[in-house]
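Here the structure is laid out as C-alpha cells; the discussion comes afterwards.
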Amino acid sequence: MKWRKTARTLEAVIGRFALLVAVCWSLFPVYWMISTSLRESSAAFAATPQLIFKATLANYYEVISDTGFMTTVFNSLVIALVATLIALVVGSMAAYGFARFRFKGDAQLSFWVLSNRMFPPIAIVLPFFIIFKAVELLDTRLALIIVYTAFNLPMVVWVMRSFIADLPKEVEEAAFIDGCSQLQVLTKIVLPLVRPALFATGILTFTFAWNEFLFALILTNVRAQTLPVKIASFVSERGVLWGEMMAAATIAVLPILVVTLWMNRHLTRGLTLGTLRE
Amino acid sequence: MHAPKFLRERNTAFILIAPAVGLLGILSVYPLLYSLFLATRRYFLTKPWVDRSFVGLGNFSRLLADPYFLKAVAVLAKFALSAVTIEMAIGLALALLLVRWAKGRHLVKVLMLLPMMMVPVVAGLVWRLILNPNYGPANWFLGQLGVSGPVWLGPRLALTSVIGAEVWQWMPFSLLIFTVALGSVPKELYEEAAVDGASRLQTFLYVTLPRLRQPAAVILVFRLADAFKSFDKIFVMTGGGPGINTQTPALYNYYKGFVDFDMGYAASISFVLLITMLVMAAPLIRRALRKEEETIKAGEVVREVA
C-alpha cells in the first residue's frame, strides 16, 4: 500500500515537472526574443549573454522611426484584412452552396477545393511571378491580396461548410415560407448563427496572411513589402542587427499573440471542428 | 411565374459557388498548366536571348538524374518524418499529462500554444539567434553545465536544428488536437474499465488509444503536408545550408527559379512537387470527404468538444 502511494506521488511530481519543462521550453524563445529587443545593441553581441541587463527601448525607437518599417506594417495590415474579408464572404457563400445544395459533381468540386490547401506555395510562385510581371502587378498590395484570398478559400469553405451543414434546416425553411429571399436567409439567419466559426476562420486567415513569407518575398520589392520579409531583411543589409530585428519581430508577433490568446476558446472549436468529427 | 424550383436552385447554387471556384481555378488550374508549359521549355529569365525552345521532357530527365534534387528529396524525407513523429509523440505525452491534472490546466495549455502563433520567419530567426555559437544562450547554457556547445548550424547538426525548430513550433498543434480528443472520451468508459479491474496500461491501450486513431490520422496528414511545403523557417535559419545539407526541394526550386533564373528547370521541379502532392493527398482527401458526408447524413449536430 505504501509503495503505491509513493509511486503515485512520485508520478505526480515527475508529471508536473515535465509539464513545467515543456512550458519553459515553449516560452523561452519568446522570452529571448523580447529580452534581446530590450537590450542595447552592443549588449546583444556580448560574448556571454547576460540574464540581467539594463532594459532600453532604443531598438524600438530605431525601428518605429524608420518609415520603411511603418509602411511595411501598414501593408501587412491592409493586405491581411482585405484578404480575410474577401475570403470570408466568398468562402461562406460557397460553403452555403455546398452545404445546402446537392448537384451533379459537387463531390468532385469539394475535393478540388480541399486539395488546394495541399499545394506547396513554392510550386505556384513561378507562374504567378511571371504573370504578375506581365500585367505589372508586381510589388503591389493587390497581388498579395489576390493570392492570400485564394490560398485561404479552401479552408474557409471547408470549415464553414461543416458548421452550416450542422444547422437545422427548419429555421431556414421557415424563413423561406415567410417570404425571405435566398440572400436574406443567408445574411440574416445563417451567418449570425455561425458567427463563432466565422471568427475562428477569420483569425486563421488573417494570421496566415500576416505570417506569409514566400509570396511576399518574391512578389514584392519595396512598395508592397510585408512584415515578415522586412524582418528577414535585417539579416543581409548591415550585418545582423539582432536588437532591432527582435524589436521588429516582437512588434510583428504581438497582434497575433494577443488576438489568439483572447479568442482562444473559439479557436479551439474552429481548428478542431474542421478536422475532427466526434 | 418563376422557373421550376430545381432550376432556380441550381442557379442559386451556381451563383453562390462561382466566385470561390473561379478564384481557386486561377490558383490551382492555371499554375499547373503553366508550370507544365514552362517545364517543357528552356527559359532563362535573365537571358531572354537564349532560345526558348521546346525541350520536351528534357528538364524532367535532367531532374531525375540531378544529384542535388535527389539529395533534396532525402533531406525532405528526413525532415518531414522526423519532425512530425517527434511532434506527435511529445504532443501526445503532454496531452496525457495535462488531462490528468485539472488545476491550472487551461493556463498551461494556452502558454504551450504560444509557439504555434509565432510568425514562422520570426521563429526561425529567434532560433538562429539562440543557437548562435557566439552570443546564443544555448551554448552559453551548455557551457555553464561544463559541456562544450556544438556548432548547431554547422554541417552535422543543421538538419537536426531545423527539425528542432519545427518541432518547437508545431508540437502545440498535436497537443491541441490530442487534448480535445482525450477530453471527448466519455468518463463512463474509464469507470467501467476500473470496475472491470483493468490496469492503467490496459485502460490506456484499450480505451484511450483507439479513440486517438482518427485525430492522429488528421494530425499526420496536416503536418506532413505542412512539412512538405516548409520553406520560411529553413530559408531564414540556414538558407538550405551549409552547402545543401538542409536544402529541401522547395528551397532548391526557389534557388533554381529566382537566383539562377533557370525558369524552365525550376518549373519542372514545381510541377513534380505539385503532382506528388496531389497524388499523395488524393486518397486522404477522398476519405476525409466521405467521412464528412456520412456525418452530415447521419444528421448529427456537433456540440462543443473542448
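The values are calculated or read from the model by the stated rules, or taken from the named source; none is laboratory data. Everything numeric here is computed off the predicted structure, so don't read it as measured data. Counting neighbours? That spans all protein chains shown, and the Cβs are built from the backbone with ideal geometry, glycine included. Ligands, DNA and RNA are stripped out before the accessible areas are found, and what is left, the full protein with its side chains, is counted by its heavy atoms. Shrake-Rupley method; radii C 1.70, N 1.55, O 1.52, S 1.80 Å.
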Extending each Cα 7 Å along its Cβ direction at residue A:199 and residue B:157, get the distance between those two points in nm, one decimal. 4.4 nm
Residue-averaged beta-carbon neighbours from other chains (10 angstrom radius) around B:90-99: 2
7 Å from Cα along Cα→Cβ at both residue A:101 and residue A:25: what's the point-to-point distance in nm? 5.0 nm
Output ³J(HN,Hα) for the range A:119-127: one whole-Hz value per residue in order, computed from phi by the Karplus curve 6.51 cos²θ - 1.76 cosθ + 1.60 with θ = phi - 60°, and x for Gly and Pro. 5, x, x, 4, 6, 9, 4, 3, x
Karplus couplings for the range A:211-223 from phi (6.51 cos²θ - 1.76 cosθ + 1.60, θ = phi - 60°), rounded to Hz, Gly and Pro as x? 7, 4, 10, 4, 4, 4, 4, 8, 8, 10, 10, 10, 5
Taking the dipole of chain A about the Cα centre (Lys, Arg +1; Asp, Glu -1; charges at Cβ), the one of A:93, A:30, A:229 that reaches farthest to the positive side is A:30
Please give the charge dipole size of chain A, origin at the Cα centre, charges +1 on K and R Cβ atoms and -1 on D and E Cβ atoms. Round to the nearest 20 debye. 1000 debye
What size of dipole, in debye to the nearest 20, comes out for the protein assembly as shown about its Cα centre when the only charges are +1 on Lys and Arg C-beta atoms and -1 on Asp and Glu C-beta atoms? 860 debye
Checked against the positive end of the charge dipole of the protein assembly as shown (+1 on Cβ of Lys and Arg, -1 on Cβ of Asp and Glu, about the Cα centre), the farthest of B:222, B:173, B:184 is B:184
With N set to the number of residues, divide the alpha-carbon radius of gyration of the protein assembly as shown by 2.2 N^0.38 Å and report two decimals. 1.02
Once every DSSP H run of n ≥ 4 in chain A is given -39500 (n - 2.57) and the sum is divided by its residues, what mean residue ellipticity at 222 nm do you get, rounded to the nearest 500 deg cm²/dmol? -24000 deg cm²/dmol
When you count, for each residue, the other Cβ atoms within 10 Å and take the mean per peptide, how do B:248-258, B:142-152 rank with the highest first? B:248-258, B:142-152
Two-site label geometry, residue B:275 and residue A:77: point separation in nm, points 7 Å out along Cα→Cβ: 4.6 nm
Any chance you could check the Cα centroid distance between the range B:137-178 and the range B:251-275 for me, in angstrom? 30 Å
Under a 5 Å amide H to amide H cut-off, with H placed in plane at 1.01 Å, what residues pair with residue B:41 once short-range neighbours are removed? B:55
On alpha-carbon atoms, Rg over Rh for chain B using Kirkwood Rh? 1.06
For peptide A:16-23, what's the mean number of Cβ atoms from other chains within 10 Å of each residue's Cβ? 5
What accessible area per residue comes out for the range B:87-239, rounded to a whole number of Å², with a 1.4 Å probe? 43 Å²
Accessible area buried, both sides summed, chains B and A with 1.4 Å probe, Å²: 9800 Å²
Rounded percent of accessible protein surface that carbon and sulfur make up, the protein assembly as shown, 1.4 Å probe: 67 percent
Plugging the Cβ-Cβ distance of residue A:187 and residue B:217 into 1/(1 + (r/R0)^6) at R0 = 35 Å yields, to the nearest 0.05, a FRET efficiency of 0.45
Where a ≥ b ≥ c are root eigenvalues of the Cα gyration tensor, a/c under 1.5 meaning rounded, otherwise prolate if a/b exceeds b/c and oblate otherwise, chain A counts as oblate
Site residue B:105, offset 7 angstrom along Cα→Cβ, radius 16 Å on amide nitrogen, limited to the range A:8-29, gives A:12, A:15-16, A:19-20
Quick note, the range A:183-226: a/c under 1.5 would make it rounded; otherwise a/b > b/c is prolate and the rest oblate (a ≥ b ≥ c, C-alpha gyration tensor); here it is prolate
Between the residues B:161, B:58, B:81, the Cα farthest towards the positive end of the dipole of the range B:54-212, that dipole coming from +1 and -1 charges on the beta-carbon of Lys, Arg, Asp and Glu, is from B:161
Sites residue B:191 and residue B:259 - FRET efficiency at Förster radius 56 Å, r taken between beta-carbons, to 0.05: 0.35
Residue separation between residue B:134 and residue B:207 times 0.36 nm, minus their alpha-carbon distance, gives in nm 21.3 nm
Can you list which of the trypsin sites (Lys or Arg not before Pro) found in the range B:106-180 are DSSP loop residues with at most 16 other C-beta atoms within 10 Å? B:156
Phi-derived 3J(HN,Hα) across the range A:28-33 with the Karplus relation (6.51, -1.76, 1.60, θ = phi - 60°), rounded Hz, x for Gly and Pro, is 4, x, 5, 4, 5, 4
